[in-house]
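Below is one structure; the comments refer to it alone.
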Number of protein chains: 2
Amino acid sequence: MDRIFKIFFLNKSTIFCRHYSHSSILNILKTAPLGQQISVQGWIKSLRKQKELTFIEINDGSTCKNLQITLPSNLSKNITVGASISSKGLVKQSPKGQLEISAEDFTLIGECDISKGYPFAPRKQYEPEYVRENMHFRPRTRLFSSVLRIRHAATLEIHNYLDSIGYFNIHTPLITSNDCEGAGETFKIEPDSEKLLKSMAKENQPLHSAYFNKKAYLTVSGQLHLETVAQALNKVYCFAPTFRAENSKSRFHLSEFYMLELEQAFLNNLDDLLKVAEDLVKHVIKALLDRHLDDLQVCTNGKIDHLLINKPFIRISYLEAQQILSTKLNKSSLKGIGKEHELALTNYFEGVPVFVINWPENLKAFYMKQIPENNVAAFDLLASGVGEIAGGSLREDNFEKLKSRLPINNSEFDWYLDLRKFGYVPTGGFGLGFERFVQFILGIENIKDCIPFPRWPHNCKL
Amino acid sequence: MDRIFKIFFLNKSTIFCRHYSHSSILNILKTAPLGQQISVQGWIKSLRKQKELTFIEINDGSTCKNLQITLPSNLSKNITVGASISSKGLVKQSPKGQLEISAEDFTLIGECDISKGYPFAPRKQYEPEYVRENMHFRPRTRLFSSVLRIRHAATLEIHNYLDSIGYFNIHTPLITSNDCEGAGETFKIEPDSEKLLKSMAKENQPLHSAYFNKKAYLTVSGQLHLETVAQALNKVYCFAPTFRAENSKSRFHLSEFYMLELEQAFLNNLDDLLKVAEDLVKHVIKALLDRHLDDLQVCTNGKIDHLLINKPFIRISYLEAQQILSTKLNKSSLKGIGKEHELALTNYFEGVPVFVINWPENLKAFYMKQIPENNVAAFDLLASGVGEIAGGSLREDNFEKLKSRLPINNSEFDWYLDLRKFGYVPTGGFGLGFERFVQFILGIENIKDCIPFPRWPHNCKL
């Protein structure tokens with residue numbers, strides 16, 4: 001025992017010293033410790049050798065901003081852009097008034113020799129497709145590292161905002177035995193090991209059902225599970241990946257994407273739900289503008305619409321949308337509103353997001369609440385350049401109506417019907433496609449450049 | 001256009017009024033609006049009829065605390081425990097000094113008739129197995145609704161704490177083409193639609209590879225992807241479900257569970273990593289004690305170890321752990337440390353969490369950094385009553401050593417090796433099993449009662 005505790009106390013003091021030995025570039029730029037000796041570490045982003053001094057810009061991932069280090073040129077022979085280094089030096093102001101480190105030495109941590117196959121050359125611009133091909137190095141590009149920080153910031157804002165207005169984060173399951181949307185675009189799952197399946201299968205049981213005693217799928221939506229919890233906790237949400245097994249390679253589709261889904265009990269008015277969605281979207285954009293402007297500017301090339309958050313979102317019915325499409329935009333649509341129509345509608349309203357409400361029931365899912373004229377109390381939220389970013393509805397609270405509209409006529413939905421029998425309260429909710437939301441905010445052409453490791457048909461890199 | 005905008009402005013005002021018309025019980029108890037008329041809504045948790053007055057306790061999910069409503073008994077005929085109601089009344093203090101609502105009327109929203117099959121009778125205690133069987137009603141039980149709120153709170157604390165010390169949340173993919181651990185306990189995935197697969201398959205391509213052009217699996221860990229991003233953003237984490245296709249029905253295992261995984265660059269000392277893990281665990285527990293004591297008390301029956309967060313975690317080597325097991329605890333183990341040993345070790349150290357470090361390399365994964373005496377710089381963190389809750393390591397930074405230890409000898413890991421070639425910096429990280437962490441904090445017997453919708457062999461309800 002003595003020995004053990006000695007080890008511990010020894011460790012404790014050494015840990016404490018080490019942990020704070022390096023400052024992040026974000027902190028250095030914030031605190032501007034002029035005249036102090038500090039150590040920094042990062043990856044070399046640019047390199048300019050002059051006779052006496054070499055000017056090195058490094059980045060450590062904590063911010064999109066680089067920090068300049070000056071180094072005697074006789075020491076900088078074997079360093080290249082892309083290499084990782086650590087260095088110590090005096091913090092001072094450059095002739096142009098910027099913070100820089102005057103270093104006397106440096107340590108090369110990992111070299112980066114482009115002749116050995118590193119895909120990015122210094123001072124060169126690459127097309128997004130090429131960068132995406134080199135997915136394991138993509139986070140090292142300036143643009144994509146900013147996208148990742150914006151994703152992080154937007155995620156955190158969503159969690160904290162919903163917490164502040166009383167919603168609980170519920171971890172709905174990704175493995176499920178039901179297909180919420182009934183669209184048949186599911187991935188099925190089973191153990192890879194046939195040996196395991198054979199050892200678990202009961203007599204006459206097909207192998208694909210052996211593990212869970214039934215066929216299991218990857219979720220397409222956490223909504224039905226959220227409804228279950230909303231009948232106890234009232235205001236709930238989930239924020240997790242969902243999956244679609246469809247053969248679409250469009251710039252708006254992914255096979256695995258993040259979705260924020262929210263459900264609220266004691267809610268029987270569609271307007272109340274639209275307000276929740278509008279407030280959420282505006283809150284996140286405002287927070288990014290207030291607190292993450294640097295990364296936003298990198299992502300958008302400085303073209304940010306600051307005014308968006310001050311404009312009320314448009315509200316039109318499905319019928320009105322169809323009228324505008326046919327009479328004003330010369331785009332008649334017999335059924336539904338396609339991507340082309342969505343983009344035309346947001347253009348028509350000069351970039352302001354558009355709620356399209358009150359949809360024909362045959363265009364929407366079985367659980368949506370019926371209202372007069374064969375409509376359902378549902379909405380799509382359309383955003384400029386992207387189209388649908390969110391969709392939601394009030395849920396059918398009438399037991400018999402719901403039962404008659406179930407996609408399959410078996411016992412798989414008994415539990416969902418059960419909710420309506422015992423202490424039921426009306427609920428409503430929506431799902432917001434997170435990558436489309438990011439694509440909308442940042443004005444990024446292809447959704448595959450809004451997620452760290454995109455999966456789409458014929459593509460599952462890493 | 002006129003019509004549209006009129007609709008919008010009309011909506012806006014009505015929304016505003018409705019949205020704030022009901023107060024949550026949490027807010028009512030916080031603000032204590034004595035003498036005011038307010039409206040409340042919730043589910044009836046208990047009911048006591050006296051001659052003149054009926055005493056109703058309702059809960060709306062916002063807190064574990066109920067609110068008492070008194071109602072003239074002649075009006076309360078058709079209400080039962082479990083039903084949902086809304087009511088208006090005067091806020092006053094009960095003779096015992098508690099806040100209550102003196103209501104003159106109420107609206108029954110959804111009835112709850114136990115004779116029609118509702119599984120929970122008033123004032124009855126049920127075994128966890130029975131409650132779990134009725135999974136769609138489980139969030140309505142007092143204990144489990146507190147577990148859900150604690151999960152929410154712990155999740156939010158993790159996100160905010162890691163953000164505050166500079167980590168970025170990276171959404172690593174759940175569909176992957178590699179098996180990080182190499183243990184073969186993966187689920188494979190493919191589209192359920194054979195028609196889709198046939199339409200996508202190239203000549204001579206097996207159907208299971210048609211969608212992604214390769215076999216695809218559910219992730220067992222986001223670590224390799226995190227390492228990729230850590231080589232650009234430095235401090236990163238993910239917090240998402242992971243999956244194990246194993247046939248274990250123990251009270252410590254799930255087929256789908258949440259894992260917090262963290263990776264940090266410029267890290268070459270195991271002690272630094274232990275400090276990150278210890279600080280994180282203590283921070284979350286402290287935050288729950290500070291801000292969520294009510295729910296903690298419900299979950300633990302009031303038995304909370306407040307002192308845990310003041311004690312330094314134990315640090316022992318694998319060798320020392322084996323010595324303690326064989327000489328002090330009479331539990332010799334030829335290979336590894338099993339669940340029984342983990343529990344014995346935490347008992348030996350009187351419930352203080354134990355880091356076991358420096359493991360034989362043949363017991364650990366291929367990517368862990370080799371250190372002298374055929375060990376790797378790895379740790380397991382053992383917690384009282386649960387055993388391993390976290391495991392981590394420094395990562396092998398030597399290209400040739402790593403290459404020789406890859407689990408499969410093909411090109412699938414080329415990208416992972418590539419990271420070591422170009423601007424590599426040493427990294428380390430760990431994974432914390434979130435349900436086991438919750439199980440440890442709350443002292444819950446079975447891990448299936450720590451997650452909203454548990455999946456385990458032969459079980460995939462809802």
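The values are calculated or read from the model by the stated rules, or taken from the named source; none is laboratory data. Since the model is a prediction, treat every value here as computed from it, not as a measurement. Cβ: placed from backbone, ideal geometry, glycine included. Neighbour counts: every protein chain shown. Surface accessibility is based on the protein's heavy atoms, side chains included, excluding ligands, DNA and RNA. Shrake-Rupley method; radii C 1.70, N 1.55, O 1.52, S 1.80 Å.
For the reader, a short list of remarks on this structure follows.
- Principal axis box of the stretch B:419-462, alpha-carbon based, largest edge first, Å: 47, 26, 14
- Calculated FRET efficiency for the pair A:Glu340/B:Phe399, C-beta based, R₀ 51 Å, to 0.05: 0.50
- Accessible area of the protein assembly as shown belonging to carbon and sulfur atoms, whole % at 1.4 Å probe: 48
- Rounded to the nearest 20, the Cβ-based charge dipole of the stretch A:86-176 about its Cα centre (Lys and Arg +1, Asp and Glu -1) stands at 220 debye.
- Residues of the stretch A:143-161 that bury at least 30 Å² of accessible area once all protein chains are present, compared with their chain alone (1.4 Å probe, heavy atoms only, ligands and nucleic acids left out), are A:Leu148, A:Arg149, A:His152, A:Thr155, A:Leu156, A:His159, A:Asn160.
- For the stretch B:314-462, the gyration tensor built on C-alpha atoms gives an oblate shape. Its axis ratio a/c (a ≥ b ≥ c) is at least 1.5, and a/b is not larger than b/c.
- Label spacing, shortest first and in nm, from A:Asn410 to its equivalents in the remaining copies (7 angstrom along Cα→Cβ): 3.4
- Along each principal axis, Cα extent of the protein assembly as shown, largest first, Å: 92, 79, 65
- Spacing of the two label points (7 Å from each Cα toward its C-beta) at A:Ser46 and B:Glu373, in nm: 5.1
- Rg/Rh for chain A, where both radii come from Cα atoms and Rh is the Kirkwood radius: 1.05
- Positive-pole candidate from A:Val438, A:Leu402, A:Gly392, dipole of the stretch A:383-440, charges at beta carbon: A:Leu402
- Residues of the stretch A:416-462 that bury at least 50 Å² of accessible area when the other protein chains are present, relative to the chain alone (probe 1.4 Å, heavy atoms, ligands and nucleic acids excluded): A:Phe422, A:Gly423, A:Phe453, A:His458, A:Cys460, A:Leu462.
- Note on the stretch A:228-379: along the principal axes its Cα atoms extend 49, 48, 36 Å, ordered by decreasing extent.
- Accessible surface buried once A binds B (1.4 Å probe; total of both sides; Å²): 11200
- Computed with a 1.4 Å probe over protein heavy atoms only, the accessible surface of the protein assembly as shown comes to 42 Å² per residue.
- Candidates B:Phe413, B:Gln370, B:Ala277 compared by Cα position along the dipole of chain B: farthest toward the positive end lies B:Ala277, with charges placed on Cβ.
- Take every pair of alpha-carbon atoms less than 8 Å apart whose residues are at least six positions apart; their mean separation over the length of chain A yields a relative contact order of 12 percent.
- Estimated 222 nm signal from helices in the protein assembly as shown, with DSSP H stretches of n ≥ 4 weighted -39500 (n - 2.57), rounded to 500: -9500 deg cm²/dmol
- Using Cβ point charges alone (K and R +1, D and E -1), the dipole size of the stretch A:272-412 about the Cα centre works out to roughly 200 debye.
- 0 to 90° range, to nearest 10: angle between helix B:339-348 axis and chain B longest Cα axis: 80
- Chain A: angle of helix A:223-233 to the longest principal axis, Cα-based, in degrees nearest 10: 90
- For A:Leu293, label point 7 Å along C-beta direction: distances to other copies, nm: 4.2
- The tail of the calculated P(r) for the stretch A:277-357 beyond 18 Å holds 51 percent of all Cα-Cα pairs.
- Entries of A:Lys65/B:Lys369; B:Lys339/B:Lys364; A:Lys198/B:Lys249; B:Lys369/B:Lys421; A:Lys215/B:Lys249; A:Lys49/A:Lys88 with Cα pairs more than 22 Å apart: A:Lys65/B:Lys369
- Relative to the Cα centre, the charge distribution of the protein assembly as shown, modelled as +1 at Lys and Arg Cβ and -1 at Asp and Glu Cβ, gives a dipole magnitude of about 640 debye.
- Cα gyration tensor category, rounded, prolate or oblate, for the stretch B:16-160 with a/c compared to 1.5: oblate
- Across the identical copies, the label point of A:Gln37 (7 Å from Cα in the Cβ direction) is separated from its matches by 7.4 nm, in order from shortest.
- Within the stretch A:420-449: backbone nitrogen closer than 16 Å to the A:Lys249 label point (7 Å, Cα to C-beta): A:446-449
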